[in-house]
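**Q** Please see the structure below; I have some questions.
Each reported figure results from applying straightforward, stated rules to the coordinates on display, with no laboratory input. None of the values given here were measured: they were computed from a predicted structure. All Cβ positions, glycine included, derive from the backbone under ideal geometry; neighbour counts span all protein chains shown.
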Amino acid sequence: MSLKHIIALVAAGILLTGCASSTLKSTWRDDTDSGVVPRKLVVFVAVKDENLRRMAENRALQSIPPGTSATAGHTLELDPTLETAEVRARLAREGFDAALLSRLVSVDKSQVVVPPQTQFANDPLFRRFGPRYGSFYTFYPYVYTTPGYTVENTTVVVETLLYRLPEGKPVWTAVSETLNPRSSAQVVEELIKLLGSKLQSEGLLPTR
């Protein structure tokens with residue numbers, strides 16, 4: 001699955017087991033917002049790959065803690081040609097009071113050049129320690145230089161927003177970065193947990 005199609009979503013939890021590569025770079029909260037935990041939430045993942053969209057939205061629903069009802073956006077089958085008033089009326093009629101939306105901002109490629117470095121190997125006989133040092137010829141074999149090389153990094157940037165419905169007003173946003181993901185599924189899983197945990201700490205999702 002191409003990284004160009006990666007998008008992430010919001011839900012709840014903690015980071016994946018092992019080394020996490022996703023971090024929050026910035027967040028914003030509307031100070032005038034009531035802070036009420038959404039009662040009925042709809043989750044949208046803005047991505048062209050329909051299979052990825054369905055997988056991501058479904059995974060979000062599995063992670064929402066009890067206390068908030070959630071629906072995947074793809075199950076509503078909203079026609080993209082609908083006027084704003086029609087979409088608003090449909091969501092209001094079904095009782096949604098909040099929406100979560102994630103969108104891909106960029107997939108950035110960068111290169112880091114690691115210069116040659118002098119290394120000192122361990123001396124198993126400890127001849128370089130203590131009062132009796134060996135000659136230059138016993139020391140020299142334990143010094144060597146590694147050649148320089150180039151590392152290519154991929155950074156996936158995702159923006160996630162929480163809206164109050166039916167007004168459609170944004171009240172919380174977060175920009176996240178995922179470094180060198182192995183797959184789009186990894187991005188989805190990490191951001192579900194990272195962003196969900198942040199939403200819980202902000203009082204915008206129920207705690208488990």
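**Q** List, in the order given, every pair from LYS25/LYS109; LYS48/LYS193; LYS169/LYS193 whose Cα-Cα distance in the structure shown is over 19 Å. Spell out each step's value before the answer.
**A** Values: LYS25/LYS109 17 Å; LYS48/LYS193 23 Å; LYS169/LYS193 24 Å.
As for pairs spanning more than 19 Å Cα to Cα, those are LYS48/LYS193; LYS169/LYS193.
**Q** Here is a further query. Within a Cβ distance under 14 Å of SER110, other residues only, what is the Lys/Arg minus Asp/Glu net charge? Mind showing how you got there, number by number?
**A** Values: positive: LYS109; negative: ASP108, GLU152, GLU177.
Within the 14 Å Cβ shell, the charges total -2.
**Q** So, counting K/R as plus one and D/E as minus one, what does the shell of residues with Cβ under 11 Å around ASP97 add up to? Let's see the in-between values first.
**A** Values: positive: ARG39, LYS40, ARG164; negative: GLU94, GLU167.
Net local charge, ASP97 excluded: +1.
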